[in-house]
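Undergrad: Right, I'll just put the structure down here and ask away after.
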Amino acid sequence: MDLHDLPKPQDLMDIDLNKPPETGWMNNPAVFKDGTYSYPAAGKNLKILGMPNPRQWAPADEDWKLPENWQEIILKGMKERLEKYRSFRLFMDICVRCGACADKCHFFIGSGDPKNMPVLRAELIRSVYRNDFTLLGKMLGRFGGGRELTIDVLKEWFYYFFQCTECRRCSVFCPYGIDTAEVTMIGRELLNLVGLNINWVIEPVANCYRYGNHLGIPPHGLLDMWEFMADDVEDITGIKVNLPVNKKGAEILFVTPSGDYFADPGTYTCMGYMMLFHELGLDYTWSTYASEGGNFGLFTSHEMIKRLNAKIYAEAKRLGVKWILGGECGHMWRVVHQYMETMNGPADFLEEPVSPITGTKFENAKQTKMVHITEFTSDLIKNGKLKLDPSRNDKIIATYHDSCNPARAAGLLEEPRYVIRNVTNNFYEMPENTIREQTFCCGGGAGLGNDENIEMRMRGAFPRASALNHVVAKHDVNRLLCMCAIDRATLTALTHYWAPDVTVGGIHELVANALVMNGEKERTVDLRGEPLGDEEEDE
Amino acid sequence: MLVDLLLENKKTIIKHWTDLTIDTYPPEAGSFMRNQKNQFANPVGAAIVNGVEALFDWVMSGSKDYSPDVVRRLDDIVRIRAVQQFSASDALGFIFLLKKCLRESIPEKMMKDQHFIVELLKLESRVDSLALRSFDIYMKCREKLFEMRAMEIRNRTSRILERACMKYGAPHDW
């Protein structure tokens, strides 16, 4: 027998290795594979929020139980938004499909799915725009890039708009400044009109709407958790920290993502805040009402952003504080920085923030009256107000993941680095095309960080992990720092899968490790309860 | 020796194997994976390109043991494909594509010689060995994913549970 006549491996395995779809992108319906999509919003949560079409359904089902006139609802919603948001109409019109954004999305890079190219993701909605809202599209139909809004198109929207983390990396590269994240936001708003949403977004929204925080913890539960943390701090430092809650007349209201109250490793960062504020003798307060910095309204609709954000100014007013300090957070900062004042301001009952410790005026926060904790802490360090012993963090070889929203949307690039450099002796940057404005997403932002979506998350996380593994190999990095509560959860999964020797943590955990506190006992363990020195080496 | 001949053609074989592997992705992704040379901008392409070369060298080396480097390279590719849109057979099928590349790089007339055929069969067995090894990695990756799902659900509220257990005297060590 001639060897060349042997069956080829492809024949033997009967696998589709070399068969990419032969039809154009418009004709390939989305395939809902387990592990690559999020579960739909529970009807009870939609009812709480007064949102349309509450019901039980599943993306893998044929029938999505949509209202009969769903097409009409979506197209009407699109028309309204095209009139209301000039940016949306502009983004629909001006894309020349140059492809600059095409290979910049972490989901495209990690999955190879062309519909994760930002240009094509936007094209999913743009094709309908052309078909129904432009003369050329109405005349030419598919030849003009138009496409009718069919049920398959709607399902595709659901699949891909809940496969964008709104990280805005693509927008950095667009020569026209098209912000594909905003296209996703509008896409999600439209889907919401017919009851297509995911529970990982809507449940936190519903909880936040009723209880003020994502997990729906009532005030006494929060107090309990904070006291629990304060007890841990006392065990480690010997100091019983001051824990002001709902304190009227305090100078500063502190608001941070609630993810850091309940889940490690965020809890260590939260303990870090308590220690820092205690050491400074800061006149501040926690709030059980404005108990959540995060705002999953951002992943739902503009109306919902406003609804959930309102509590921050309301609480500041009720307590009579002078200004607001925000904890380490990601999308919270985008909301604060770009929407809060427009939506719920003017905050004319507050004062322009001034650090009571250094006297520094935070002019950048003149309008919102809210300062980011890394701005606050870097100012303290710059003015020599903290006694720090970075050697307490010597076991940690750190790198820093720029969380998308603070970095790209709010330009917080130097402050976190300045703090990190002052509290650690070992800090190494990841490659430059993966940090700062070009930072790669964790793969789980914008409500996608749920466990059922784990495969998709790992695809999206891979570009970040690849850069991380580079510094692990080169510098033995063992800690991935970030300043976002979502990151602290999702990067933990990322490192488990892609870089198992790396732990994840926030910046203020390291600040508190290094902080030499007045009257503290000799520290033998860090905030995680792990020995400060390397015991194995000591032996 | 067949191995010498194949090593002479190493560049062509590796390119062929790389191309076939990249062809398992949609064409738009394929062209990106081939053309973007920055490893951080194109980590999947980089893992494939670097991986197939190391794996080819191992098949040719005749060594019985897997060096940590070879295992890592294999892991690099399998770990990626274990979370992509592939079925298990599609994810690991790229290993067997090397057989096709090897066979096609050998001139037909040489294949009349039984001596060469035996040599080729030996090499193909080594490819099978790689495939078996990749099953192990693939399964570990998949198990890891499920473990991570469980861990996430647990960690989300770990502190609340710990606190509640302490309060009511229940054991709270995981």
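Undergrad: Those residues that are without any contact (Cβ under 8 Å) to a residue 60 or more places away in the chain and more than 9 Å from chain A (Cβ to nearest Cβ), I need them from segment B:77-91; list them, please.
TA: B:ILE77, B:ARG81, B:ALA88, B:ALA91 - these are the residues of segment B:77-91 that are without any contact (Cβ under 8 Å) to a residue 60 or more places away in the chain and more than 9 Å from chain A (Cβ to nearest Cβ).
Undergrad: Are there any pairs, at least 6 apart or on different chains, whose C-beta atoms fall under 9 Å, with the first in segment B:14-33 and under 20 Å from B:MET60 (Cα atoms) and the second not in a helix (DSSP H, G or I), and if so, which?
TA: These pairs meet every condition: B:HIS16/B:SER105; B:LEU20/A:LEU17; B:LEU20/A:ASN18; B:THR21/A:LEU17.
Undergrad: Another question, if that's okay. Consider A:GLU352 carefully, then state whether it is touching a residue at least 24 places away in the same chain (Cβ under 8 Å) and touching an Asp or Glu at 6+ places or on another chain (Cβ under 8 Å).
TA: Yes; evaluated as a whole, the condition is true for this residue.
Undergrad: Which number in (1) farther than 19 Å from B:ASP4 by Cβ; (2) at the interface with chain A (Cβ under 9 Å from one of its Cβ atoms); (3) free of Cβ contacts under 8 Å to residues at least 24 places away in the same chain marks the one condition that B:LEU132 misses?
TA: (2)
Undergrad: Within segment A:122-131, is there a residue that is of a type in the set (Asp, Glu), farther than 20 Å from A:ARG457 by Cα and more than 25 Å from the chain's Cα centre (by Cα)?
TA: No, because not a single residue in segment A:122-131 is of a type in the set (Asp, Glu), farther than 20 Å from A:ARG457 by Cα and more than 25 Å from the chain's Cα centre (by Cα).
Undergrad: In this structure, does A:LEU308 turn out to be in contact with a Ser or Thr (Cβ under 8 Å, 6 or more places away or on another chain), among the aliphatic types (A, V, I, L, M) and at pLDDT 95 or above?
TA: no
Undergrad: How many residues does segment B:135-146 contain that are at the interface with chain A (Cβ under 10 Å from one of its Cβ atoms) and surrounded by 13 or more Cβ atoms within 10 Å (Cβ to Cβ)?
TA: Matching residues across segment B:135-146 total 4.
Undergrad: Go through segment A:280-325 and give me each residue that's acidic (Asp, Glu) and buried (at least 23 other Cβ atoms within 10 Å of the Cβ).
TA: Across segment A:280-325, the qualifying residue is only A:GLU292.
Undergrad: Would you confirm whether or not segment A:444-455 contains a residue that is more than 24 Å from B:GLN84 (Cα to Cα) and among the small types (Gly, Ala, Ser)?
TA: No, segment A:444-455 has no match at all.
Undergrad: Just to verify a result, which residue in segment B:93-127, among those that are within 10 Å of chain A (Cβ to nearest Cβ), loosely packed, with under 15 Cβ neighbours inside 10 Å and charged (D, E, K, R), is nearest to B:THR12 (Cα to Cα)?
TA: In this case the residue turns out to be B:GLU104.
Undergrad: Given the options A:LYS240, A:LYS248, name the one that is surrounded by fewer than 18 Cβ atoms within 10 Å (Cβ to Cβ), over 23 Å from the mean Cα position of the chain (by Cα), free of Cβ contacts under 8 Å to residues at least 60 places away in the same chain and not in a strand (DSSP E or B).
TA: Only one candidate qualifies: A:LYS240.
Undergrad: Within segment B:149-157, can one find any residue that is within 26 Å of A:ASP224 (Cβ to Cβ), facing chain A (nearest Cβ under 7 Å), more than 30 Å from the chain's Cα centre (by Cα) and part of a helix (DSSP H, G or I)?
TA: Within segment B:149-157, one or more residues are within 26 Å of A:ASP224 (Cβ to Cβ), facing chain A (nearest Cβ under 7 Å), more than 30 Å from the chain's Cα centre (by Cα) and part of a helix (DSSP H, G or I).
Undergrad: Any residue that is in contact with a helix residue (DSSP H, G or I) (Cβ under 8 Å, 6 or more places away or on another chain) and modelled with pLDDT under 95 - is there at least one of those in segment B:43-62?
TA: yes
Undergrad: All but one of (1) crowded, with 22+ Cβ neighbours inside 10 Å; (2) within 14 Å of another protein chain (Cβ to nearest Cβ); (3) within 28 Å of A:VAL511 (Cα to Cα) hold for A:TRP226; state the number of the condition that does not hold.
TA: Here A:TRP226 clears every test but (1).
Undergrad: Something else: Any residue at all in segment A:392-411 that is within 22 Å of A:ASN295 (Cβ to Cβ), within 17 Å of the chain's Cα centre (by Cα), free of Cβ contacts under 8 Å to residues at least 40 places away in the same chain and not in a loop (DSSP other than H, G, I, E, B)?
TA: Yes; the residues of segment A:392-411 include at least one that is within 22 Å of A:ASN295 (Cβ to Cβ), within 17 Å of the chain's Cα centre (by Cα), free of Cβ contacts under 8 Å to residues at least 40 places away in the same chain and not in a loop (DSSP other than H, G, I, E, B).
Undergrad: Answer with yes or no whether A:ARG436 is on the phi > 0 side of the Ramachandran plot, of a type outside the set (Gly, Ala, Ser) and assigned by TED's automatic domain parsing to the domain that holds A:LYS474.
TA: The answer is yes for A:ARG436.
Undergrad: Hey, does segment A:483-496 have a residue that's in contact with a Ser or Thr (Cβ under 9 Å, 6 or more places away or on another chain), at the interface with chain B (Cβ under 10 Å from one of its Cβ atoms) and among the hydroxyl-bearing types (Ser, Thr, Tyr)?
TA: yes
Undergrad: Restricting to helices (runs of 4 or more DSSP H) lying wholly in segment A:98-180: which have 1 or more residues that are touching a residue at least 40 places away in the same chain (Cβ under 8 Å) and surrounded by 23 or more Cβ atoms within 10 Å (Cβ to Cβ)?
TA: A:106-111, A:118-133, A:151-161, A:169-173
Undergrad: Oh, and also: Taking the stated definitions as given, is A:LEU386 surrounded by 15 or more Cβ atoms within 10 Å (Cβ to Cβ), among the aliphatic types (A, V, I, L, M) and in a loop (DSSP other than H, G, I, E, B)?
TA: Against the criterion (surrounded by 15 or more Cβ atoms within 10 Å (Cβ to Cβ), among the aliphatic types (A, V, I, L, M) and in a loop (DSSP other than H, G, I, E, B)), A:LEU386 qualifies.
Undergrad: Answer yes or no as to whether A:MET271 is within 25 Å of the chain's Cα centre (by Cα) and either hydrophobic (A, V, I, L, M, F, W, C) or within 18 Å of A:ILE486 (Cα to Cα) (or both).
TA: yes
The values are calculated or read from the model by the stated rules, or taken from the named source; none is laboratory data. Given the structure is predicted, the values throughout are model-derived calculations rather than measurements. Neighbour counts are summed over all protein chains in view; Cβ atoms, including those assigned to glycine, are modelled from backbone coordinates with ideal geometry.
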